Amino acid sequence: MIWTPLTTIMTVLGIFGLALMLFSATKAYSITRKSARASLEEKYVLEKEYYLLSTVVWIILASRIVASGLFWATNESLIALIPGAMCQFGVNQAGTPYSWIDNGIKIFVILVYGIWLTLDFINRRTKGAPLLASLSRLFILMAPLLLIDTALDLIFYSSLEPVTVPCCRIIFDQTSAVPCPYCFIFHDAPLFLLVIVSYGLSIAAVVWSLAIRHYLKVGGDIEPIGMSAIRRLVTFSLIFAVIGTIALIPAILQVIGGGVFVH
């Protein structure tokens, strides 16, 4: 492993996430097992346990968002330590295959946990916490995803060695149909990062609103609160889509002005 302050922080965050996930999974399983036959008094106790679970999950997602940002910063800082690497593509080559899987999983984790937290936001504002059992079961189903995410961080950074890798300009040369994605987004046309993030958040808001609609069949007080949340998410989706579209024009001009597919 290449020990740096950032790789150490990523390791600590990974262990922290695993510990919280294991604690939360046991709580969620307990709530799921007891909720079906719980008396009124027992349900009140389960609600308190659920709110503890909910708080911990919010902390877990916050730590994974921080880890996602640090993942980019850490990989950027490792470029100079990997012989032959000129961008993060080289760092990912040195950590293959774990690095590539880790990149994709991180985006998926935020999308999936965003669904859970959106539903939890509604559940907290609905009398009687009607989604208590459903959200507990859903968390158990999502727990392996978080396990994979944090485990990949630990495996990736613990197995990373300063091996010589080919420069991205060798793989993505002038004859390539596409440029190196890391050089293109972070160096040649950084405005495309804003486009990608904006469209990504727009799509995520739509997915979260569809998840809410699925759980509205519970009925009762949850329906008006859920519909209000859906309207807000649709509005956010439109706002992010507009931002992405506006940013797309100068991003294209940036590519044209700097030369098409600069390598």
Quiz item: If you check Thr118, Thr164, which single one turns out to be in a helix (DSSP H, G or I) and modelled with pLDDT of 85 or more?
Solution: Thr118
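So, Leu216, is that one surrounded by 13 or more Cβ atoms within 10 Å (Cβ to Cβ), at pLDDT 90 or above and either touching a helix residue (DSSP H, G or I) at 6+ places or on another chain (Cβ under 7 Å) or farther than 12 Å from Ile122 by Cα (or both) or not? Step through it out loud before you land on a result.
On the way: surrounded by 13 or more Cβ atoms within 10 Å (Cβ to Cβ): yes; at pLDDT 90 or above: no; either touching a helix residue (DSSP H, G or I) at 6+ places or on another chain (Cβ under 7 Å) or farther than 12 Å from Ile122 by Cα (or both): yes.
Here the answer is no, as Leu216 does not meet what is asked.
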Quiz item: Hey, does region 215-237 have a residue that's touching a Gly at 6+ places or on another chain (Cβ under 7 Å) and without any contact (Cβ under 8 Å) to a residue 12 or more places away in the chain?
Solution: yes
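Only one of Gly104, Gly128 is outside any helix (DSSP H, G or I), of a type in the set (Gly, Ala, Ser) and open to solvent by 10 Å² or more (accessible area, probe 1.4 Å); which? First the steps, then the outcome.
Working: Gly104 fails: outside any helix (DSSP H, G or I).
Among Gly104, Gly128, only Gly128 is outside any helix (DSSP H, G or I), of a type in the set (Gly, Ala, Ser) and open to solvent by 10 Å² or more (accessible area, probe 1.4 Å).
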Quiz prompt | Sole exception among (1) open to solvent by 70 Å² or more (accessible area, probe 1.4 Å); (2) under 21 Å from Ala80 (Cβ atoms); (3) in contact (Cβ under 8 Å) with a residue 24 or more places away in the chain for Ile148, by number | solution = (2)
Quiz prompt | Total residues in region 26-46, condition open to solvent by 30 Å² or more (accessible area, probe 1.4 Å), at pLDDT 85 or above, in contact with a helix residue (DSSP H, G or I) (Cβ under 8 Å, 6 or more places away or on another chain) and not aromatic (Phe, Trp, Tyr) | solution = 2
Quiz item: Would you call Ile171 over 22 Å from the mean Cα position of the chain (by Cα), open to solvent by 70 Å² or more (accessible area, probe 1.4 Å) and not basic (Lys, Arg)?
Solution: yes
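The values are calculated or read from the model by the stated rules, or taken from the named source; none is laboratory data. None of these values were measured; they are calculated from a predicted model. Glycine gets a Cβ as well: all are built from the backbone with ideal geometry, and neighbour counts include every protein chain shown. Accessible surface is based on the protein model in full, side chains and every heavy atom, while ligands, DNA and RNA are left aside. Shrake-Rupley method; radii C 1.70, N 1.55, O 1.52, S 1.80 Å.
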